[in-house]
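**Q** Here it is, the structure in full.
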Amino acid sequence: MTRVEAVELRRVRLPLVRRFQTSSHAKRELEHILVVLTDTDGAVGWGEIASPSGPFYCAETVESCWAVARDHLAPLVLGTDWEHPADLAAALGRVRGNHFARAGFDVAAWALWSAVGGVPLARALGGRRRTVEAGVSLGIEPTVDDLLAQVRLRVDEGYRRIKLKIAPGWDVTPVRAVRAAHPDVPLHVDANGAYEDVAEHRAVLAQLDELGLLMIEQPFAPRALVAHAALQQRIATPVCLDESVEEVDDLVTALRLDAVRVLNVKVSRMGGLTQAVRAHDLAREHGVPVWCGGMHEFGIGRAANVALSALAGFTLPSDVSGSDRYYARDVTTRPIVSTDGLVDVPTAPGLGWDADLAYIEQRTTDRVVLRADTAG
């Protein structure tokens, strides 16, 4: 039985090495919340709340996650005894929604539990791979030439798949240019739900369908499952869902509608590793390939993504690109590295990467510690 004696929350801010633009917003730096759980024996597990800064990808923000984590999730953790991380995840489920906030605690619980058990996190989740294939996500660039330069750089680095962010007015022309320059590179596009008028953008999606893409990810709004299903009936390219699937029940509905042929499993979006594994299992049962999406996680969250990607159903390259793709210095003592498009899965107990405490202290903007003897 595990009892958490202390919960530490840290807001940590890191600059991005390059501005990143999506269909809804741009970012030059990121602030995430690191979660540290310490049990009664002094063992520690780290997690990361990798929420967006503003309510564009989802309703959660750093501010909302900080309040929910401090005022609701931490007291629940301090008041719950658990044998398995899934037990704690069930207790945290009393807090509705707030998937990003819950994910940080769930990852920390898995990290703690696997470390205490002397088992690598990937193995604890059921993964057996020694390496995972890495893809890379590229934002919207000022010009097509700028985009082509970025694609060439990442192809030369050996990444196994290139994802291009698209939006109305930045779709067919840049994607066609990339496909012409790289006819054999696995390529897919992600709209983050930017195509609001389905009928208006039908021609654009039909043209994208002709470019030999691995998938078209989340063209429509999260709840527009019927529209995604209708699109899949008109095009040959698999439709991938991201924002539409926050709960396993969402995936059940999408599968019933045939609205999903590929699933982006994001640890943060689904509330942690516990639900992410369940989504992986269900998708695999239905023959739907999955890959692990990212939220520009720091090294803690990225380590969890690597571990998850070791599961058998992750048959497509995941967004587990090297730390240097986004950060000049990460929050782990050694960076996560992609070599020829592969990332090694750690064999050490727990996360497999250690937190760089000195650097984290430098980059911390706020900190709170809650203890069992003062909770509630």
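**Q** Given labels modelled 7 Å from the Cα in the Cβ direction, how far is it in nm from R367 to E83?
**A** 3.7
**Q** Quick check for me: using +1 on Lys/Arg Cβ and -1 on Asp/Glu Cβ, what's the dipole size of the range 239-349 about its Cα centre, in debye to the nearest 20? Before the final figure, lay out the partial values.
**A** On the way: 10 positive and 15 negative charges, 46 e Å.
In total the dipole reaches around 220 debye.
**Q** Something else about it: Round to a whole number: what % of the accessible area of the chain belongs to carbon and sulfur, probe 1.4 Å? Please report the intermediate quantities before stating the final value.
**A** Details: 7130 of 14760 Å².
Carbon with sulfur: 48 percent of the solvent-accessible area.
**Q** For the peptides 150-158, 314-322, 177-185, what is the packing order when you average, over each peptide's residues, the other Cβ atoms within 10 Å and list the highest mean first? Present the calculation step by step, with values, prior to reporting the outcome.
**A** Working: 150-158: 16.0, 314-322: 22.3, 177-185: 14.4.
Order by mean packing, descending: 314-322, 150-158, 177-185.
**Q** Comparing R334, R102, R302, which has the greatest mean-square fluctuation in the GNM of the chain with Cα pairs linked when under 10 Å apart?
**A** With Cα springs under 10 Å in the chain, the top fluctuation among R334, R102, R302 is at R334.
**Q** Taking +1 at the Cβ of each Lys and Arg and -1 at the Cβ of each Asp and Glu, which of H99, W46, V331 sits farthest along the dipole of the chain towards its positive end, judged by Cα position relative to the Cα centre?
**A** Value computed over the given set: V331.
**Q** Express as a percent, rounded to the nearest 5, the fraction of DSSP beta bridges in the range 217-344 (both residues included) that run antiparallel. Spell out each step's value before the answer.
**A** Values: 1 of 8 bridges.
If we restrict to bridges inside the range 217-344, about 10 percent are antiparallel.
**Q** Based on the alpha-carbon set only, what is the convex hull volume of the range 277-376 divided per residue, in Å³?
**A** Details: hull volume 15.6 nm³, N = 100.
Here the figure is 156 Å³ per residue.
**Q** If packing is taken as the average number of other Cβ atoms within 10 Å across a peptide's residues, how do 268-278, 191-201 rank, most packed first? Show your work: numbers first, answer last.
**A** Details: 268-278: 25.6, 191-201: 16.8.
Ranking, from highest mean packing down: 268-278, 191-201.
**Q** Have a look at G117, P75, F56 and report the one farthest towards the positive end of the charge dipole of the range 5-140, computed about the Cα centre with Cβ charges (Lys/Arg +1, Asp/Glu -1).
**A** Final value for the positive-end residue is F56.
**Q** Next question. Taking 0.36 nm per residue of separation and subtracting the Cα-Cα distance, what length does fully extending R176 through R13 add? Write out the running numbers ahead of the final one.
**A** Working: separation 163, 0.36 × 163 = 58.68 nm, distance 3.61 nm.
Contour length minus the Cα-Cα distance gives 55.1 nm.
**Q** Extension gain R334-E196, at 0.36 nm per residue separation less the Cα-Cα distance, in nm?
**A** Values: separation 138, 0.36 × 138 = 49.68 nm, distance 4.20 nm.
Net length gain for the segment: 45.5 nm.
**Q** Let me ask something else. Can you give the charge dipole size of the range 239-279 about its Cα centre, rounded to the nearest 20 debye, using +1 on the beta carbon of Lys and Arg and -1 on the beta carbon of Asp and Glu? Intermediate values should be presented prior to the final figure.
**A** Working: 5 positive and 7 negative charges, 34 e Å.
Result for the range 239-279 is approximately 160 debye, rounded to the nearest 20.
**Q** Given the C-alpha centroids of the range 73-109 and the range 29-60, what is the distance between them in whole angstrom?
**A** Spelled out, the Cα-based centre of one part sits 12 Å from the other.
**Q** What shape does the range 187-301 have by the C-alpha gyration tensor, where a ≥ b ≥ c are the square roots of the eigenvalues, rounded means a/c under 1.5, and otherwise prolate means a/b greater than b/c and oblate the rest?
**A** Values: a/c = 1.81, a/b = 1.51, b/c = 1.20.
In terms of gyration-tensor shape, prolate.
**Q** I've got another one for you. State the Cα centre-to-centre distance between the range 140-205 and the range 230-272 in whole Å.
**A** 20
**Q** If you don't mind, there's one more thing I want to ask. P(r) tail for the range 167-216, what percent of Cα pairs lie past 17 Å?
**A** Working: 348 of 1225 pairs.
Here the long-distance tail beyond 17 Å is 28 percent of all Cα pairs in the range 167-216.
**Q** Considering the dipole of the range 144-271 built from charges on the beta carbon (Lys and Arg +1, Asp and Glu -1) around the Cα centre, which of A181, L147, P219 is farthest to its positive end?
**A** Towards the positive end, the residue furthest out is A181.
**Q** In what sequence, highest mean first, do 7-17, 46-56 appear when ranked by Cβ atoms within 10 angstrom? Working shown, then result.
**A** Values: 7-17: 18.5, 46-56: 23.3.
Ranked from most to least packed, the peptides come out as 46-56, 7-17.
**Q** For the range 1-118, what is the accessible area per residue in Å² when the probe is 1.4 Å? Each step should come with its number before you reach the end.
**A** Working: 4480 Å² over 118 residues.
Here the residues of the range 1-118 average 38 Å² of exposed surface.
**Q** Extending each Cα 7 Å along its Cβ direction at A43 and Y359, get the distance between those two points in nm, one decimal.
**A** 2.7
**Q** Sticking with this structure for a sec: Mind sorting out which of (i) 22.9; (ii) 20.7; (iii) 20.1 is the real Kirkwood radius over Cα pairs in Å computed from the coordinates?
**A** Among (i) 22.9; (ii) 20.7; (iii) 20.1, the one derived from this structure is (ii).
**Q** Could you give the accessible area per residue of the range 254-330, probe 1.4 Å, as a whole number in Å²? It would help to have the intermediate numbers written out before the result.
**A** Values: 2000 Å² over 77 residues.
Spelled out: the 1.4 Å probe surface of the range 254-330, per residue, equals 26 Å².
**Q** Then there's this: What FRET efficiency would be calculated for the residue pair E285, D145, taking the C-beta separation as r and a Förster radius of 51 Å, to the nearest 0.05? Mind dumping the intermediate values first?
**A** Working: r = 44 Å, r/R0 = 0.87.
Efficiency computed from Cβ-Cβ geometry: 0.70.
**Q** A follow-up question, please. Between V116 and A90, what length comes free when the chain is fully extended (0.36 nm per residue of separation minus the Cα-Cα distance, one decimal in nm)?
**A** On the way: separation 26, 0.36 × 26 = 9.36 nm, distance 2.07 nm.
Contour length minus the Cα-Cα distance gives 7.3 nm.
**Q** Related question: About the Cα centre, and with charges only on the beta carbon of Lys, Arg (+1) and Asp, Glu (-1), how big is the dipole of the chain? Nearest 20 debye, please.
**A** The dipole magnitude comes to about 380 debye.
The values are calculated or read from the model by the stated rules, or taken from the named source; none is laboratory data. Bear in mind that the values here come from a model prediction, so they are computed numbers and not experimental data. Note: ideal-geometry Cβ built from the backbone for every residue, glycine included; neighbour counts use all protein chains shown. Side chains included, ligands, DNA and RNA excluded: accessible areas come from the protein's heavy atoms. Shrake-Rupley method; radii C 1.70, N 1.55, O 1.52, S 1.80 Å.
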